[in-house]
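Student: Below is a structure I'd like to ask you about.
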Amino acid sequence: MSKKILIVDDLHPTFKEQAIAMGYEVDDEPLITRQQTLEKIKDYVGIAVRTKFRIDAELFDVAPNLKFVARAGAGLDNIDDKIAFERNIQLINAPEGNCDAVGEHAVGLLLSLMNNFRRADNEIRNGIWDREGNRGYELKGKKVGIIGYGFMGQSFAKKLAGFEVDVMAYDKYKTGFTDDFVREVSMEEIVKHSDVLSLHIPLTAETKLMVDDEYFFHFKKPIFFINTARGEIVHVSAVLNAIKSGKILGAGLDVLQVEKFPALSQQDWYNELKLNDQVILTPHVGGWTFDSYRKISEVLADKLRDL
């Protein structure tokens, strides 16, 4: 049987081009539906996906020849990795391809929050000139706490290097990672000293809805809170409660507990969220730039070559 790959999402053409150069036959079908995929996946050794649908037991069961899943992005939470492991199906992803995008996005959210860019812009457009009400904070001298020091956390730390901040990181599964950009610390130190908290951890059974009211309660100082990781890690209501209590000075959320419309507008916290001018929202786009679109496919192709 020929080596066939099915691309079911919008990937940069370089992945297809390099896969063909490696001897694969590639069907690039970004508009294919899940049902259509289930009907034809039996003929393929590989599938490449971004976020269109889950690669789960139903799909694995009708893909007896599948050897690998290429996830065009950082996380693997839309793939049933347990079943893949049991069936010796290789999983490749590309956090190296969009970590710069995420790091820059997180810095952008943080600076916007600390300097009231959203509120100030809106006020001027509505005839309000309020210098005093829009005074901001400087990053210099602040203590930035990072949870998770993988590709994304490292990128954020590197992007902060020129701001003369004290960057601390806690990673439950890594040690000995102190470098030129960050100090490895305990979670207790993060909680005690942080002026800024930024999440860079994957969505797992352990981290799902990890950040709740109690989580924020333990922080000793008011913080600016950034989440460019996964929305389901954080209770949105807890963020709103922490803003009301003064625990959070501002929140930059690229990801939400529930995403996309109409589902988002149906959440009981949505109206409060959208009216809160201490929150900046972006549509899960932190890692999705014109540059990362290409770089992700390049990384995937390199890893496919090494399989």
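The values are calculated or read from the model by the stated rules, or taken from the named source; none is laboratory data. Keep in mind the model is a prediction, meaning the values are calculated, not measured. Every residue, glycine among them, receives a Cβ derived from its backbone with ideal geometry; neighbour counts consider all protein chains shown. Ligands, DNA and RNA are excluded from the accessible area calculation, which covers all protein heavy atoms including side chains. Shrake-Rupley method; radii C 1.70, N 1.55, O 1.52, S 1.80 Å.
Student: Could you pull out the residue among GLU138, GLU123 that is open to solvent by 70 Å² or more (accessible area, probe 1.4 Å) and more than 26 Å from TYR293 (Cβ to Cβ)?
Tutor: GLU138
Student: Just the residues that are touching a Phe, Trp or Tyr at 6+ places or on another chain (Cβ under 8 Å) and touching a residue at least 60 places away in the same chain (Cβ under 8 Å), please, taken from segment 106-116. Steps first, please.
Tutor: In the first step, residues of segment 106-116 are kept if they are touching a Phe, Trp or Tyr at 6+ places or on another chain (Cβ under 8 Å); the result is 106-107, 110-111, 113-115.
Correct list: ALA106, LEU110, LEU113, MET114.
Student: Just to verify a result, which residue in segment 180-211, among those that are open to solvent by less than 50 Å² (accessible area, probe 1.4 Å) and over 26 Å from PHE163 (Cβ atoms), is farthest from the chain's Cα centre (by Cα)?
Tutor: Result: THR207.
Student: For segment 12-41, how many residues meet the condition of being part of a strand (DSSP E or B) and either open to solvent by 30 Å² or more (accessible area, probe 1.4 Å) or touching a residue at least 60 places away in the same chain (Cβ under 8 Å) (or both)?
Tutor: Quick first cut of segment 12-41, residues part of a strand (DSSP E or B) only: 25-28.
The next check asks that each one be either open to solvent by 30 Å² or more (accessible area, probe 1.4 Å) or touching a residue at least 60 places away in the same chain (Cβ under 8 Å) (or both); those that pass are 25, 27-28.
Total satisfying the criteria: 3.
Student: Looking at segment 98-126, which of the residues that are over 30 Å from ALA72 (Cβ atoms) and of a type in the set (D, E, K, R) is nearest to the chain's Cα centre (by Cα)? Please lay out each step first, then the result.
Tutor: Our first condition is that a residue be over 30 Å from ALA72 (Cβ atoms); within segment 98-126, this holds for 114-126.
Subsequent filtering for residues that are of a type in the set (D, E, K, R) retains 118-119, 121, 123, 125.
Values: ARG118: 22, ARG119: 25, ASP121: 27, GLU123: 30, ARG125: 31 Å.
Of everything passing the filter in segment 98-126, ARG118 is nearest to the chain's Cα centre (by Cα).
Student: Take segment 117-136 and flag every residue that is part of a loop (DSSP other than H, G, I, E, B) and either in contact (Cβ under 8 Å) with a residue 24 or more places away in the chain or more than 17 Å from GLN278 (Cα to Cα) (or both). So that I can check it myself, show each step before the final result.
Tutor: Within segment 117-136, the first condition is being part of a loop (DSSP other than H, G, I, E, B), and the residues that meet it are 126-131, 135-136.
Answer for segment 117-136, where residues must be part of a loop (DSSP other than H, G, I, E, B) and either in contact (Cβ under 8 Å) with a residue 24 or more places away in the chain or more than 17 Å from GLN278 (Cα to Cα) (or both): ASN126, GLY127, ILE128, TRP129.
Student: Follow-up. When VAL167 is evaluated against the numbered criteria (1) open to solvent by less than 30 Å² (accessible area, probe 1.4 Å); (2) part of a loop (DSSP other than H, G, I, E, B), which criterion, by number, is the only one it fails?
Tutor: Going through (1) open to solvent by less than 30 Å² (accessible area, probe 1.4 Å); (2) part of a loop (DSSP other than H, G, I, E, B) one by one, VAL167 breaks only (2).
Student: Right, here's the next one. Restricting attention to segment 271-307, report how many residues are open to solvent by less than 20 Å² (accessible area, probe 1.4 Å) and touching a residue at least 40 places away in the same chain (Cβ under 8 Å). Break it down into steps so the answer makes sense when it comes.
Tutor: Within segment 271-307, the first condition is being open to solvent by less than 20 Å² (accessible area, probe 1.4 Å), and the residues that meet it are 273, 279, 286-287, 292, 296-297, 300-301, 304.
Retained after the next criterion (residues that are touching a residue at least 40 places away in the same chain (Cβ under 8 Å)): 279, 286-287, 292, 296-297, 300-301, 304.
Number of matching residues: 9.
Student: Within segment 238-270, work out how many residues are part of a helix (DSSP H, G or I) and either touching a Ser or Thr at 6+ places or on another chain (Cβ under 9 Å) or open to solvent by 50 Å² or more (accessible area, probe 1.4 Å) (or both).
Tutor: Number satisfying all stated conditions: 5.
Student: Would you say LYS52 is under 25 Å from the mean Cα position of the chain (by Cα) and basic (Lys, Arg)?
Tutor: Considered against the rule, which asks whether it is under 25 Å from the mean Cα position of the chain (by Cα) and basic (Lys, Arg), LYS52 comes out as yes.
Condition check ((1) over 21 Å from the mean Cα position of the chain (by Cα); (2) at pLDDT 95 or above; (3) closer than 23 Å to ALA120 by Cα) across all residues:
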| residue | (1), (2), (3) |
| --- | --- |
| ALA242 | yes, yes, yes |
| LYS247 | yes, yes, yes |
| ASP254 | no, yes, yes |
| ALA263 | no, yes, no |
| ASP268 | yes, yes, no |
| LYS274 | no, yes, yes |
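Student: Looking at VAL49, VAL102, VAL69, which is the one that is within 28 Å of GLN154 (Cα to Cα), touching an Asp or Glu at 6+ places or on another chain (Cβ under 6 Å) and among the hydrophobic types (A, V, I, L, M, F, W, C)?
Tutor: Selected residue: VAL49, the only one of VAL49, VAL102, VAL69 that is within 28 Å of GLN154 (Cα to Cα), touching an Asp or Glu at 6+ places or on another chain (Cβ under 6 Å) and among the hydrophobic types (A, V, I, L, M, F, W, C).
Student: Related question: Might you check whether a residue that is modelled with pLDDT of 95 or more, touching a Pro at 6+ places or on another chain (Cβ under 8 Å) and part of a loop (DSSP other than H, G, I, E, B) occurs anywhere in segment 205-228?
Tutor: no
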